[in-house]
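A.B. asks: Pasting in a structure now, in structure tokens, and then I'll have a few things to ask.
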Amino acid sequence: MFFKLKKETVKNVLSLALPAVGEMILYMMIWVFDTMMVGQYGGNVAVSTVGLSSEIMYTFSGIFISVGISVAVTSLVARNIGAKKLQNAEEYAALGITAVTIISFIISSILFIFSKNILKIAGASTEVTIYGEIYMKITSIGIFFNMITNVFSAILRGYGNTKTPLLISLVVNVINLSLDYILIFGKSGFPELGIKGAAIATTLAQITGFVIFLSYILKKSQIKPKIKYIYNFKVDKFIALLRLSAPSSLQEASFSISRLLSTFFIMHLGTIAFAANQITTTIESISFMPGWGFAVAATTLVGHKTGEENPKKAKEYAYTCTILGVGIMTLCSVLFILLPNSLINFFIKSSETEVIRLGTLCLMVASIEQPFMAISMILGGSLKGAGDTKTPFKVSFVSSWFIRLPLILYFIYILKVSVVYVWFITAIQWIFDGTLILVLFTRKFKKFNIEEKEERLA
């Protein structure tokens, strides 16, 4: 990709991307801190419990909310702001909140009622199922508020406000970390609750975040989702929201469900292999937050320029976001190669030598996929900003269901080889995914440029 960075464009991108990166890292740290502290508290069984339970819950949340309706809301708000249609932006925001509230209640209820059954289907051991049921029932309450908070954040990002979500996520993390320490280990006069304490801490922190966000949305937000838009419900706008969110949800579903099934297969290798994989996944989840942050910036900025009918500037923002994001995630690759053992040791007792050995190898292999993951996320976010949520879905569907899942089924579930092979397989998936997205993005914006020239000549 031969592209010259422009100072003003970089400045605009960073002003949006860096707070978004910070916000996402901080929200991800809730899961990270839970995994880290219960790992130090209870070893591989505790890590497996929190890891599997969180994987299941965030899969549902991601499919329907974070990468579904929330992405659609950000894109629609951004494009209408770019087109100077404030009322339309507010209407889409109101419809998004309504849809998310209903879906979040359904998801939370399913997770609460059927937590034990879900864990058994996942192939969890008896011990993991017992602790996992407790963890899921408590955190299913918090995830309801967290999913609604996610769409609040999407509204603010749509008009370019990524700093407020960052500050709120910082407050949430301070609360979560403090309560984790107090409730897991039994400090300051509180009982030692272990895994149950981690679940309570997460839920209370997420409810607090919801309350703060709701207050800001109602009082200070530039986009105010007024109740009148719910009373005067417009089917055409709701359909437009669903039309944009459906492919994005399907993209996340194709990736997350295949990943969740892969997680179930890995459970059959035992709690040691699963704990090593889960710790590696947790560490990598921090590393790809820069990719998500720059993807958010790309969705917003490309959406603004698409609304202004300026595809040349939209493409410039997309490539700028990609170059910066790839650069940061490549640095993460270097850390994975140089300090894998040290990173794994943060999450588990030093006595768990086999978990540390396997996790170290997994993390070193994970270094391969970082730049390709960044390309896929950021250019996929750029396409969504331009209103194209179908292309990222199609690419994700092929890479997840025709590359990742069949290979993991064969090598892990059938042959039962080392868990390290999982990470070689995901590296192959991301190399394919990132390369194909780059090719398709280039073709799409080349088409936009041709159409723009034809309009000028007409």
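The values are calculated or read from the model by the stated rules, or taken from the named source; none is laboratory data. Small disclaimer: the values here were computed from a predicted structure and weren't measured. In this analysis, Cβ positions are derived from the backbone assuming ideal geometry, glycine residues included, and neighbour counts consider all displayed protein chains. For the accessible areas, the whole protein counts, side chains as well, though only heavy atoms, and no ligand, DNA or RNA atoms are used. Shrake-Rupley method; radii C 1.70, N 1.55, O 1.52, S 1.80 Å.
A.B. asks: Got a sec? Which of K137, K187 is among the basic types (K, R) and either in a helix (DSSP H, G or I) or open to solvent by less than 50 Å² (accessible area, probe 1.4 Å) (or both)?
C.D. replies: Details: K187 fails: either in a helix (DSSP H, G or I) or open to solvent by less than 50 Å² (accessible area, probe 1.4 Å) (or both).
On inspection, the qualifying residue turns out to be K137.
A.B. asks: For M36, are the conditions met, namely being crowded, with 19+ Cβ neighbours inside 10 Å, among the hydrophobic types (A, V, I, L, M, F, W, C) and closer than 25 Å to S396 by Cβ?
C.D. replies: Working: crowded, with 19+ Cβ neighbours inside 10 Å: yes; among the hydrophobic types (A, V, I, L, M, F, W, C): yes; closer than 25 Å to S396 by Cβ: no.
So M36 does not fit the description; no.
A.B. asks: Sticking with this structure for a sec: Taking the condition of being farther than 17 Å from E309 by Cα and open to solvent by 10 Å² or more (accessible area, probe 1.4 Å), how many residues in the range 71-85 meet it?
C.D. replies: Looking only at the range 71-85, we keep the residues that are farther than 17 Å from E309 by Cα, and these are 71-74.
Right, trim to open to solvent by 10 Å² or more (accessible area, probe 1.4 Å) and you get 71.
The qualifying residues number 1.
A.B. asks: Here's another thing I want to ask about it. List the pairs whose first member sits in the range 188-199 and is over 15 Å from N176 (Cα atoms) and at pLDDT below 90, whose second member is among the hydrophobic types (A, V, I, L, M, F, W, C) and assigned to a helix (DSSP H, G or I), and whose Cβ atoms are under 8 Å apart, counting only residues at least 6 apart or on separate chains?
C.D. replies: Matching pairs, first to second residue: S188/I182.
A.B. asks: I need the helices (runs of 4 or more DSSP H) fully contained in the range 213-289, keeping only those with at least 2 residues that are under 20 Å from the mean Cα position of the chain (by Cα).
C.D. replies: Working: elements: 228-231, 235-267, 271-287.
Fully inside the range 213-289 and qualifying: 235-267, 271-287.
A.B. asks: Something else now. Kindly indicate the residue of the range 377-396 that is open to solvent by less than 10 Å² (accessible area, probe 1.4 Å) and hydroxyl-bearing (S, T, Y) and also nearest to W292 (Cα to Cα) among those meeting that condition.
C.D. replies: Going through the qualifying residues, I end up with S382.
A.B. asks: Specify which of the listed residues (L214, L204, L241) is touching a residue at least 60 places away in the same chain (Cβ under 8 Å), among the aliphatic types (A, V, I, L, M) and under 30 Å from S399 (Cβ atoms). Before the answer, list the steps.
C.D. replies: Working: L214 fails: under 30 Å from S399 (Cβ atoms); L204 fails: under 30 Å from S399 (Cβ atoms).
Every option except L241 fails the conditions.
A.B. asks: Take A246 and tell me if it is buried (at least 24 other Cβ atoms within 10 Å of the Cβ) and in contact (Cβ under 8 Å) with a residue 60 or more places away in the chain. Show your work before the answer.
C.D. replies: Details: buried (at least 24 other Cβ atoms within 10 Å of the Cβ): no; in contact (Cβ under 8 Å) with a residue 60 or more places away in the chain: yes.
Answer is no for this residue.
A.B. asks: Tally time: how many residues in the range 412-440 are part of a loop (DSSP other than H, G, I, E, B) and either of a type in the set (S, T, N, Q) or in contact (Cβ under 8 Å) with a residue 60 or more places away in the chain (or both)? Before the answer, list the steps.
C.D. replies: Taking the range 412-440 and keeping what is part of a loop (DSSP other than H, G, I, E, B), we get 415-419.
Now narrow it down to the ones that are either of a type in the set (S, T, N, Q) or in contact (Cβ under 8 Å) with a residue 60 or more places away in the chain (or both): 416, 418-419.
Qualifying residue count, the range 412-440: 3.
A.B. asks: Which is among the β-branched types (V, I, T) and either under 30 Å from L405 (Cβ atoms) or open to solvent by 10 Å² or more (accessible area, probe 1.4 Å) (or both), of I217, I283?
C.D. replies: Among I217, I283, only I283 is among the β-branched types (V, I, T) and either under 30 Å from L405 (Cβ atoms) or open to solvent by 10 Å² or more (accessible area, probe 1.4 Å) (or both).
A.B. asks: May I pose another question? Looking only at the range 269-285, which residues are out of contact with any helix residue (DSSP H, G or I) (no Cβ under 6 Å at 6 or more places or on another chain) and not small (G, A, S)? Spell out the reasoning first.
C.D. replies: Step one: list which residues in the range 269-285 are out of contact with any helix residue (DSSP H, G or I) (no Cβ under 6 Å at 6 or more places or on another chain), which gives 269-270, 273, 281.
Answer for the range 269-285, where residues must be out of contact with any helix residue (DSSP H, G or I) (no Cβ under 6 Å at 6 or more places or on another chain) and not small (G, A, S): L269, T281.
A.B. asks: Let me ask you something else. Could you please give the count of residues in the range 290-334 that are of a type in the set (G, A, S), open to solvent by 20 Å² or more (accessible area, probe 1.4 Å) and under 14 Å from the mean Cα position of the chain (by Cα)?
C.D. replies: Final tally of qualifying residues: 0.
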